[in-house]
Amino acid sequence: MENAINSRFVAHMDILGMSKLVEDNFDDAWGMLSDLVHVRDKAKMHEYEFVETNERVKVFEKIHIVTFSDTLLLFTAGETPVELKSLIILVTEIFHKAICKCVPVRAGIAAGEFCFNLDKSMYAGPALIDAYRAGESAQWLGIVLSDSISKVATAQNMKSTGSDVIVEWRIPLKDGDKQGYVVNWPALFAHDLTI
């Protein structure tokens with residue numbers, strides 16, 4: 001991973017099949033997008049506590065969230081381990097709550113160079129393209145880690161009720177599958193999956 005001043009963690013999340021839904025039933029598409037934005041707004045007000053390092057993170061202070069059409073772009077201020085863990089937790093929380101509202105989403109998370117100007121709505125960088133490609137290539141509802149972030153993410157050794165948060169998995173693609181790293185979201189929210 002680079003040590004450039006603009007190096008950070010980036011996530012790209014979008015709704016599966018939104019273009020088709022807009023064409024077929026714009027009211028339903030708008031309702032689905034409204035549900036995703038509601039989930040986003042609640043999640044960004046969270047605060048995380050990491051007991052092993054005695055750190056508290058207010059999401060809205062450490063992670064920016066930008067929405068355009070059916071896409072959420074999330075990025076950290078820097079590239080510290082606590083920012084990475086916070087981003088993984090936030091993306092997983094948004095993913096989970098969106099699924100509970102019947103909003104089909106997928107996400108990719110990457111690391112690398114990324115520049116932004118909030119005042120002028122400018123966002124670009126190799127990390128954004130990497131996160132986009134990681135998430136969009138997967139043919140499923142899930143959270144994929146790009147190769148740029150998989151080693152540093154697994155090194156965090158994140159656990160939830162005894163299960164690893166980051167796991168190696170066969171990721172389905174349009175033309176086959178590939179081995180990669182993903183967020184083990186079913187293990188994190190098994191208590192909340194009732195149907």
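Computed from the coordinates by the stated procedures, all read-outs in this text should not be read as laboratory data. What you see is a predicted model; the values in this text were computed from it and never measured. Using ideal geometry, Cβ is built from the backbone for each residue, glycine included, and neighbour counts are taken over all protein chains shown.
General remarks:
- At least 18 Å along the helix axis (C-alpha) and Kyte average at least -0.5, DSSP helices within the chain: 26-43, 81-100
- Taking the fewest neighbouring Cβ atoms within 10 Å as the starting point, the ordered list for PHE95, PHE68 is PHE68, PHE95.
- Reciprocal of mean inverse Cα separation for the chain (Kirkwood radius, Å): 17.0 Å
- Note on the stretch 7-190: Lys pairs 8 or more places apart or on different chains, Cα atoms under 13 Å apart, count 8.
- Contour excess over end-to-end distance, with Cα ends at LYS178 and CYS102 and 0.36 nm allotted per residue: 24.7 nm
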